[in-house]
Every structure is written in structure tokens, then in C-alpha cells.
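Reviewing the structure listed below.
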Amino acid sequence: FETLIVLKKLDLSVNKLREFGQLTFYFCFHLKYLNLSRNSLEHLKNNQFENLVELIDLDLSYNQLNYLQSNLTTNLNKLRNFYLNSNTIYSIEQIGGLRSIQNIYISADFLETFKNLTDLKKNLLVL
């Protein structure tokens, strides 16, 4: 997507995507909405979304994710809605950088560990 630097909305839902390269979204500086739901994603790489500094909505629901990397959300300061529901997530060790977060959806997962959520500020409305 390196030639789509002004792209604001990207919907890749309902495909059979299993993984993305480290730099797949690197040049999507202005992306506000990213929908990766209903794919076959099992894991995401460290800093996969680090340049998505304008991102407001990130939908990773209905995949096969079982663990979130601790630095997955680094630089997502404007993220308001984070959809993680209906995966197989058993552990969330740390979610950082979410200064504007309002909603985190994690229902229908296998959550056992949920700690170090120090960056979740007073804006969080739904967890």
C-alpha cells in the first residue's frame, strides 16, 4: 500500500488473509479506519501498525489471534475503538499508547491474563 499514502479507510474484511508483512501498512500515514475482521489472522508482528498515527478504528474481530504483542498498539494515540472480539485471545499482557481509547471489545475470547493496562486513561467507556 506504499502508493496509497492519502488512503483514509481500508476494509480487508471477509477474506482469507493469514498474515501481513512488517511494512504492509507502513506508508498509510493518514489511515483512520482499518477493518481486518473475519480473516484467518493468527498473529501480528511487532509494531505492525506503528505508522498509523491517525487511526481511529481498528477491527481485528473474528480472526484466530491468540496473543497480542506488547508493542502492537504503540503510536496509536488517536485510536478510539479497538475490536478484538471473537478471537482465541488468552492473554493481553500490555496495551500501551492508547491515549484516546474509548471502547475495547474483547467478548467471546479465551481471556485468562489481562494486566499492565497502565495507558488506558479515563476516556475508556467500554471494556
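The values are calculated or read from the model by the stated rules, or taken from the named source; none is laboratory data. Only a predicted model underlies this, so the values are computations on that prediction, with no experimental measurement involved. Virtual Cβ from ideal backbone geometry, glycine too; neighbours counted across all protein chains shown. Heads up: the accessible areas ignore ligands, DNA and RNA and are worked out on the full protein's heavy atoms, side chains in. Shrake-Rupley method; radii C 1.70, N 1.55, O 1.52, S 1.80 Å.
In the chain, inverting the average of 1/r over every pair of distinct C-alpha atoms gives 14.4 Å as the Kirkwood radius. Placing dummy labels 7 Å off each Cα toward the beta-carbon, the span from ASN51 to GLN69 is 1.5 nm.
Taking all protein chains in place and a 1.4 Å probe, what share, in percent, of the accessible surface of the stretch 41-110 do carbon and sulfur account for? All intermediate terms of the calculation are to be shown ahead of the outcome.
On the way: 1110 of 2710 Å².
So the carbon and sulfur contribution to the accessible surface is 41 percent.
Per residue, the accessible area of the chain comes to 54 Å² when a 1.4 Å probe rolls over the protein heavy atoms. If you sort PHE20, PHE49 by accessible surface, 1.4 Å probe, largest first, the order is PHE20, PHE49.
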